[in-house]
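Here's the structure, in structure tokens; my notes come after.
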Amino acid sequence: MSGYLEHGQWHDGWYDTRATRGEFVRTTSAFRHRITADGSSGFPAEDGRYHLYVSLACPWAHRTLVARVLKRLQAAVTVSVVEPVMTQGWSFSEALPDHLYGSSHLHQLYTLADPDYSGRVLVPVLWDKQSRTIVSNESSEILRMFNDAFDSLGAGGVDLYPEPFRAEIDRINAFVYDDINNGVYRCGFASGQAAYERAFERLFSALDRVEALLQERTWLAGSPQPTEADWRLFTTLVRFDAVYFGHFKCNRNRIEDFPRLSGYLRELYRVPGIAATVDIGHIKRHYYMSHPHINPTRIVPAGPRLAFCEPQ
């Protein structure tokens, strides 16, 4: 069950869409500190100092796992994974423990960082073991930190935000976030027909736009290698046919029905280390079992066949 903290106390509750004419409005991340290579921010990039809390089901958390793999930070930044099905929000178990404090629920980490915290309990969480607080719970900023602050600890030659392509990466990120990454949620969590149809049109117009762009470019920003723009889109595409198409009613086309997008998804999935960050079982269990207002039976579909993860 989803919910929120109010002055450090947990409350069950879904997003209130009544005030927004049935439209889903995403919560803004509350913790926005930065890790820097020189420590000028108060959070220096140090080997073993930081811990990442993620859900394998969540596309926002998935971004940070991708960056951690590509920058080869697995040894420098440790990880705990939450259970896919929500109970008092994100939770831990004997099989998937909180490796630092043995917490039963992620909201306990939020109140450890701020006993009076009010707001949603989100993943990912980048935790500072030394000061026992949350550095950031904003996935796009964690991705950037992994890319630039940790060069001395990981793959310094890998740059997901290269200088010559930054303006184009930012432009791509803006419409992909609004209309695709968040667009699938606007469809799935809409509580009114008009709001759903507006989100549906924006989503598929944006996917058509990307399909056309991939006729001209191998990667979204026109770079010789994938950038963060590609990986930010990837985490939505990899979930699309399994959950967004049916569960979120994003059913004009599957990604597999787009010739260029489907090939692009396969290429990204086959980058070394990336397949290990994708857990379709967690993804399906989370979406179909954590949203009873959308899927009251909580039955998890047996399909579909996902061509991108089949052997060549």
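The values are calculated or read from the model by the stated rules, or taken from the named source; none is laboratory data. Values in this document were obtained by computation on a predicted structure and should not be read as measured data. Glycine gets a Cβ as well: all are built from the backbone with ideal geometry, and neighbour counts include every protein chain shown. Calculation scope for accessible area: heavy atoms of the full protein, side chains included, ligands and nucleic acids excluded. Shrake-Rupley method; radii C 1.70, N 1.55, O 1.52, S 1.80 Å.
Some points to look at:
- Residue within segment 274-283 that is out of contact with any helix residue (DSSP H, G or I) (no Cβ under 7 Å at 6 or more places or on another chain), open to solvent by 100 Å² or more (accessible area, probe 1.4 Å) and not aromatic (F, W, Y) present: no
- If the condition is being within 19 Å of G42 (Cα to Cα) and either touching a helix residue (DSSP H, G or I) at 6+ places or on another chain (Cβ under 9 Å) or open to solvent by less than 60 Å² (accessible area, probe 1.4 Å) (or both), then segment 115-130 contributes V125, L126, W127, D128.
- Segment 58-86 - residue that is of a type in the set (K, R) and more than 14 Å from V125 (Cβ to Cβ) and, of those, most open to solvent (accessible area, probe 1.4 Å): R72
- Take the conditions (1) assigned to a helix (DSSP H, G or I); (2) surrounded by fewer than 21 Cβ atoms within 10 Å (Cβ to Cβ); (3) not polar (S, T, N, Q); L143 misses just one of them, which is (2).
- The sole residue among T111, T78 that is on the phi < 0 side of the Ramachandran plot, in a helix (DSSP H, G or I) and either in contact with a Lys or Arg (Cβ under 9 Å, 6 or more places away or on another chain) or in contact (Cβ under 8 Å) with a residue 60 or more places away in the chain (or both) is T111.
- Qualifying residue in segment 243-253 (condition: under 23 Å from I172 (Cα atoms) and assigned to a helix (DSSP H, G or I)): yes
- The conditions of being at pLDDT below 95 and either closer than 30 Å to A275 by Cβ or under 18 Å from the mean Cα position of the chain (by Cα) (or both) are met by T87.
- Helices (runs of 4 or more DSSP H) wholly inside segment 155-241 containing at least 3 residues that are touching a residue at least 24 places away in the same chain (Cβ under 8 Å), open to solvent by 10 Å² or more (accessible area, probe 1.4 Å) and not hydrophobic (A, V, I, L, M, F, W, C): 193-216
- Residue check, L233 more than 18 Å from the chain's Cα centre (by Cα) and either at pLDDT 95 or above or closer than 30 Å to P164 by Cα (or both): no
- Selection count where residues are open to solvent by 50 Å² or more (accessible area, probe 1.4 Å) and touching a residue at least 60 places away in the same chain (Cβ under 8 Å), scope segment 87-108: 2
- Long-range neighbours under 6 Å by Cβ, at least six apart or interchain, first residue farther than 19 Å from K71 by Cβ within segment 252-276, second hydroxyl-bearing (S, T, Y) and part of a helix (DSSP H, G or I): I255/S262; E256/S262
For every residue, the table says whether it meets (1) among the hydroxyl-bearing types (S, T, Y); (2) at pLDDT below 95; (3) assigned to a strand (DSSP E or B).
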{"position": "T28", "(1), (2), (3)": "yes, yes, no"}
{"position": "E46", "(1), (2), (3)": "no, no, no"}
{"position": "T64", "(1), (2), (3)": "yes, no, no"}
{"position": "R72", "(1), (2), (3)": "no, no, no"}
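- Within segment 299-312, residues that are under 14 Å from L265 (Cα atoms) and open to solvent by less than 60 Å² (accessible area, probe 1.4 Å) have Cβ atoms under 7 Å from residues that are among the basic types (K, R) and in a helix (DSSP H, G or I) in these pairs: F308/R266, counting only partners at least 6 apart in sequence or on another chain.
- Some residue of segment 71-84 being farther than 24 Å from V238 by Cα and among the charged types (D, E, K, R): no
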